[in-house]
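Here the structure comes first, spelled out in structure tokens, and everything after it is commentary.
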Amino acid sequence: MRLEIDWTRCDGHGLCARLLPERIGLDDAGFPVLGDRMVEGDDLTHARRAVSACPRLALRLERAPTPAPR
Amino acid sequence: MTTTPLRGAGTHVDTWPPVWVLGAAHVLAGTSGGRLDLSAHRETHGLPRRRDRDELVRDAQAVRLVGRGGAAFPVATKLAGVPVGSRTHVLVNGSEGEPASHKDRTLMRLAPHLVLDGALAVARALETRRVTVAVGDAASYWSLRNALDERPDGDGVRVASHRHGFVGGEIRAVARAMSGDVARPPGRRVLPTVHGVDGRPTFASNVETFAQLAVLLGRGVDAFASVGDPDEPGTTLLTLIGDVDHPGVVEVPTGLPLSAVVGERVGPLLVGGYHGTWIAGPGDLVLSRPALRTAGAPLNAGVLARLPHDTCALGEVAAVSRWLAGESAAQCGPCFFGLPSMADSVGRLCAGEDVRSDIARRVGLLPGRGACAHPDGSAAFVRSALAAMPDEVDAHLRNRGCGRPVRRALPVGVRAA
Ligand code: SF4
Ligand code: SF4
């Protein structure tokens with residue numbers, strides 16, 4: 001699974017970074033900076049917790065990344 | 001090679017942009033006297049061959065046609081991914097939100113019927129009548145409207161005005177606006193081919209893509225591919241800016257040496273417009289989308305620029321980065337906050353402050369952190385500019401400037417409402 005953020009929803013309060021510090025940092029303005037996005041095995045439990053805690057439903061776990069034709 | 005100056009871009013005969021053809025004219029064929037009305041258009045281009053979807057996919061595949069808006073996605077793949085039927089939409093993106101680019105406007109003003117032939121042929125192949133053309137300027141709008149009045153088959157075509165800047169001209173933002181929603185890229189990864197205009201499957205592409213399809217259907221695969229690079233046969237439209245041989249809009253066969261297109265002079269070259277890449281010079285690069293992509297300088301919508309020697313190069317870069325920051329659709333935090341801070345830092349570098357590491361850090365934080373590619377493209381523009389202009393950076397650091405004024409050789413528009 002892959003961590004994704006809907007940037008149009010994220011409000012930058014940084015809860016996800018506190019719950020998943022090994023994957024998510026914060027920039028100067030408080031918006032998350034994703035490290036390694038691919039999550040597998042035991043890490044999934046932690047990642048799922050962060051996803052369900054995101055107050056804006058911005059953080060998601062998605063299956064395969066699909067390159068978008070534009 | 002012959003260089004034919006074309007005059008009479010629509011009603012603005014002597015204003016920007018001058019229009020040129022280097023070599024074979026495909027999409028601009030017959031336009032040297034100005035706009036082609038329906039009979040002049042038919043005389044020049046004939047009637048497009050009728051194709052069903054599978055045949056059209058094969059033709060597009062045979063000439064390796066890619067979208068001419070920026071993403072350079074293969075047309076055949078996109079066509080094959082849209083369901084056939086009356087629910088499907090065809091969306092022609094003529095909004096051309098980048099102030100440096102003029103090729104789509106030029107095409108709609110001079111050869112509106114070619115664009116419409118392409119759009120209607122795709123609609124026919126997809127067995128639908130739903131066609132929307134989104135345009136960002138009045139001259140294109142009226143050229144297309146008048147063209148629709150001239151033709152017997154234009155009833156189903158909607159021409160809609162769409163002035164929403166650079167980011168609002170992104171195809172997913174256009175599809176959203178054409179559905180009555182806001183002109184902003186959606187936050188989730190939705191594909192227009194699945195969820196486009198009115199939530200329906202949509203084949204969406206740039207104006208030039210449709211015109212090239214019309215040429216393909218008018219002339220056939222062999223004639224279309226008789227010029228150009230085997231990697232991307234045919235011609236392409238470019239907008240050339242600044243210190244180049246033929247400033248304006250140019251149609252050229254692909255595969256020419258880049259130096260033949262922009263001239264041999266020295267100085268960094270911007271490839272691919274304001275989401276593009278500065279390179280030290282044309283070197284031995286060749287004009288084709290696949291080759292330029294491989295070289296790390298994708299052609300995007302076809303803007304090439306070289307700064308004149310009497311302008312402050314770094315100041316030009318700073319002005320464009322400020323403009324890019326203003327174009328942020330303000331939906332995504334990292335873009336909304338990150339682009340202005342990057343632009344500020346570039347301004348400080350211009351004033352002689354050594355903020356190079358600060359710029360590098362801010363640039364590094366942008367890619368992949370927005371709903372659209374605006375942060376990525378803007379970061380590429382700034383990063384590559386500083387890398388391609390080491391002497392300019394040095395001069396500014398040593399003397400707090402280069403002594404030249406900023407002449408605004410790189411056009412920046414007023415932010416559209
Ligand atoms: S918890 Fe959700 S809204 Fe808050 S910073 Fe993280 S992704 Fe953004
Ligand atoms: S990344 Fe920037 S320009 Fe793109 S949608 Fe988000 S805020 Fe708008």
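Mean separation of Cα pairs under 8 Å and 6+ residues apart, divided by the residue count of the stretch B:232-306: what relative contact order is that in percent? Present the calculation step by step, with values, prior to reporting the outcome.
Details: 159 pairs, mean separation 26.8, N = 75.
Taking the mean separation of contacting Cα pairs over the length of the stretch B:232-306, I get 36 percent.
Considering chain B as a Gaussian network with a 10 Å cut-off on Cα pairs, which listed residue, B:VAL320, B:VAL266, B:VAL207, attains the greatest mean-square fluctuation?
Per the Cα network of chain B with a 10 Å cutoff, B:VAL266 tops the list.
About the Cα centre of the protein assembly as shown, what is the dipole size in debye to 20, counting +1 per Lys and Arg Cβ and -1 per Asp and Glu Cβ, all else neutral? Walk me through the numbers on the way to the answer.
Details: 57 positive and 52 negative charges, 227 e Å.
With only Lys, Arg, Asp and Glu charged at Cβ, the dipole is about 1100 debye.
Within the protein assembly as shown, what percent of beta bridges assigned by DSSP are antiparallel, to the nearest 5? Walk me through the intermediate numbers first.
Details: 29 of 52 bridges.
Percent antiparallel among DSSP bridges in the protein assembly as shown is about 55.
Need the per-residue list for the stretch B:48-97: every residue with at least 10 Å² less accessible surface in the complex of protein chains than in the chain by itself, probe 1.4 Å, sorted by number.
B:ALA71, B:PHE73, B:LYS78
Could you state the accessible area per residue of chain B in Å², with a 1.4 Å probe and every protein chain left in place? Each step should come with its number before you reach the end.
Numbers: 15510 Å² over 417 residues.
Roughly 37 Å² per residue, with all protein chains present.
Name the residues of the stretch B:176-194, by number, that are at least 30 Å² less accessible with every protein chain in place than in the isolated chain; the surface is that of heavy atoms, probe 1.4 Å, without ligands or nucleic acids.
Buried by 30 Å² or more upon assembly, which counts only protein chains, are B:GLY187, B:ARG188, B:ARG189, B:LEU191.
Just name one of B:LEU299, B:ALA319, B:GLY352: the one whose Cα is farthest towards the positive end of the charge dipole of the stretch B:256-377 (beta-carbon charges, Lys/Arg +1, Asp/Glu -1).
B:LEU299
Rounded to the nearest 20 Debye, what is the dipole magnitude of the stretch B:108-156 about its Cα centre when Lys and Arg each give +1 and Asp and Glu each give -1 at the C-beta?
In total the dipole reaches around 100 debye.
I need the phi-derived Karplus couplings for the stretch B:53-59: 6.51 cos²θ - 1.76 cosθ + 1.60, θ = phi - 60°, integer Hz, Gly and Pro marked x.
4, 5, 5, 5, 4, 5, 4
Run the numbers for B:GLU150 and B:ARG50: contour at 0.36 nm per residue of separation, minus the present Cα-Cα distance, in nm. Provide the component values of the computation, followed by the final result.
Values: separation 100, 0.36 × 100 = 36.00 nm, distance 2.06 nm.
Value of the extension gain: 33.9 nm.
Could you tell me the relative contact order of the stretch B:313-399? Use alpha-carbon pairs under 8 Å, at least six residues apart, and round to a whole percent.
In percent, rounded to a whole number, it is 32.
Build a GNM of chain B with springs between Cα atoms under 10 Å: which of B:VAL249, B:VAL194, B:VAL215 gets the top mean-square fluctuation?
With Cα springs under 10 Å in chain B, the top fluctuation among B:VAL249, B:VAL194, B:VAL215 is at B:VAL194.
Dipole of the stretch A:2-62 (Lys/Arg Cβ +1, Asp/Glu Cβ -1, origin at the Cα centre): which of A:PRO32, A:PRO55, A:CYS16 lies farthest to the positive side?
The one lying farthest along the dipole's positive direction is A:PRO55.
Measure off, as a whole percent, the carbon and sulfur share of the 1.4 Å-probe accessible area of the stretch A:2-62, all protein chains present. Intermediate results must be reported in sequence, preceding the final value.
Values: 1600 of 3220 Å².
Carbon plus sulfur share of accessible area: 50 percent.
Please work out the FRET efficiency for the pair A:ALA53 and B:ARG87, using the Cβ-Cβ distance as r and a Förster radius of 35 Å; give the result to the nearest 0.05. The partial results should precede the final answer.
Details: r = 39 Å, r/R0 = 1.12.
Computed FRET efficiency for A:ALA53 and B:ARG87: 0.35.
With a 1.4 Å probe, what is the total accessible area buried between chains B and A, in Å² rounded to the nearest 100?
On the way: alone 16450 and 4920 Å², together 19470 Å².
Its buried surface, counting both partners, is about 1900 Å².
Explain nothing, just the number: relative contact order of chain B, from Cα pairs under 8 Å at least 6 residues apart, as a whole percent.
About 16 percent, as a whole number.
Using amide H atoms built in the peptide plane, which far-off residues or other-chain residues are under 5 Å from B:GLY281 H to H?
Result for B:GLY281 returns B:LEU269.
For n ≥ 4 DSSP H runs only, could you compute -39500 (n - 2.57) per run for the protein assembly as shown, divide by its residues and tell me the 222 nm figure to the nearest 500?
Numbers: 19 runs with 181 residues, N = 487.
My calculation for the protein assembly as shown gives -10500 deg cm²/dmol from helical runs alone.
Convert each backbone phi in the stretch B:320-337 into a coupling constant with the Karplus relation 6.51 cos²θ - 1.76 cosθ + 1.60 (shift: θ = phi - 60°), then list the ³J(HN,Hα) values in order as whole Hz, x for Gly and Pro.
Ordered by residue, 3J(HN,Hα) equals 5, 5, 5, 5, 4, 4, x, 7, 3, 6, 6, 9, 10, x, x, 7, 5, 8 Hz.
Rounded, prolate or oblate: pick one for chain B, where a ≥ b ≥ c are the square roots of the eigenvalues of its C-alpha gyration tensor, a/c under 1.5 means rounded, and failing that, prolate if a/b is larger than b/c, else oblate.
Values: a/c = 1.91, a/b = 1.45, b/c = 1.32.
Because a/c hits 1.5 or more and a/b exceeds b/c, chain B counts as prolate.
Report, to the nearest whole %, how much of the accessible area of chain B belongs to carbon and sulfur atoms, 1.4 Å probe, protein only.
Values: 7970 of 15510 Å².
Of the solvent-accessible surface of chain B, carbon and sulfur hold 51 percent.
Run the Debye formula on the Cα coordinates of the protein assembly as shown, all scatterers equal and no solvent, and tell me log10 I(q)/I(0) at q = 0.09, 0.11, 0.13 1/Å.
For the requested q values the scattering log ratios are -0.62, -0.92, -1.24.
Under a 1.4 angstrom probe, counting protein chains only, how are B:PHE166, B:PHE337 ranked by accessible area, largest first?
B:PHE337, B:PHE166
Taking 0.36 nm per residue of separation and subtracting the Cα-Cα distance, what length does fully extending B:ARG400 through B:ALA351 add? Don't skip to the answer; put the middle values down first.
Working: separation 49, 0.36 × 49 = 17.64 nm, distance 0.51 nm.
Contour length minus Cα-Cα distance gives 17.1 nm.
Comparing B:ASP354, B:ASP229, B:ASP149, which has the greatest mean-square fluctuation in the GNM of chain B with Cα pairs linked when under 10 Å apart?
In the Gaussian network model the winner is B:ASP149.
The values are calculated or read from the model by the stated rules, or taken from the named source; none is laboratory data. Since the structure is predicted, the reported quantities are computational estimates derived from the model, not experimental observations. In this analysis, Cβ positions are derived from the backbone assuming ideal geometry, glycine residues included, and neighbour counts consider all displayed protein chains. For the accessible areas, the whole protein counts, side chains as well, though only heavy atoms, and no ligand, DNA or RNA atoms are used. Shrake-Rupley method; radii C 1.70, N 1.55, O 1.52, S 1.80 Å.
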